[in-house]
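Structure first, then comments.
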């Protein structure tokens, strides 16, 4: 998988969240649970550490590789299973992804937050919490700091 695709998935962990009026309480509750600093790893990508910080609707992500970073806004999508999010990339180490949207799914499992996402600009929504080269899906597992 090339470096650009890896950064996309890392960014998903770093984006801010904007909720549209009238959303169900689940996205608001999930947004509150996501606030703060997270440390994790990318599934299937070795032992490198990645970090994500969510403050309000702003997300910052730093991948295991120094050049892999994202800043963006995250919108949680109401009434979806698995839970969905979109990430608008505002800045990143890969200029071709700036102003692109990435589709992601997420879940909480105790103290863990798992996020799977596709390359920015790809309208496809991931269907599983596992990496896939064929669909360009990356997956991350985070623990709150």
* Asked: From the residues in the range 81-91 that are assigned to a strand (DSSP E or B) and over 13 Å from the mean Cα position of the chain (by Cα), which one is surrounded by the most Cβ atoms within 10 Å (Cβ to Cβ)?
  -> 90
* Structure fact -> Being buried (at least 17 other Cβ atoms within 10 Å of the Cβ), out of contact with any helix residue (DSSP H, G or I) (no Cβ under 7 Å at 6 or more places or on another chain) and either modelled with pLDDT of 90 or more or not in a loop (DSSP other than H, G, I, E, B) (or both) narrows 54, 8, 74 down to just 74
* For residue 108, which of the numbered conditions (1) outside any strand (DSSP E or B); (2) in contact with a helix residue (DSSP H, G or I) (Cβ under 8 Å, 6 or more places away or on another chain); (3) surrounded by fewer than 21 Cβ atoms within 10 Å (Cβ to Cβ) fails to hold? -> (1)
* **Complete set of residues in the range 48-61 that are over 14 Å from the mean Cα position of the chain (by Cα) and closer than 22 Å to residue 136 by Cβ** => 48
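The values are calculated or read from the model by the stated rules, or taken from the named source; none is laboratory data. Predicted model only: the values in this text are computed from it and were never measured. Glycine gets a Cβ as well: all are built from the backbone with ideal geometry, and neighbour counts include every protein chain shown.
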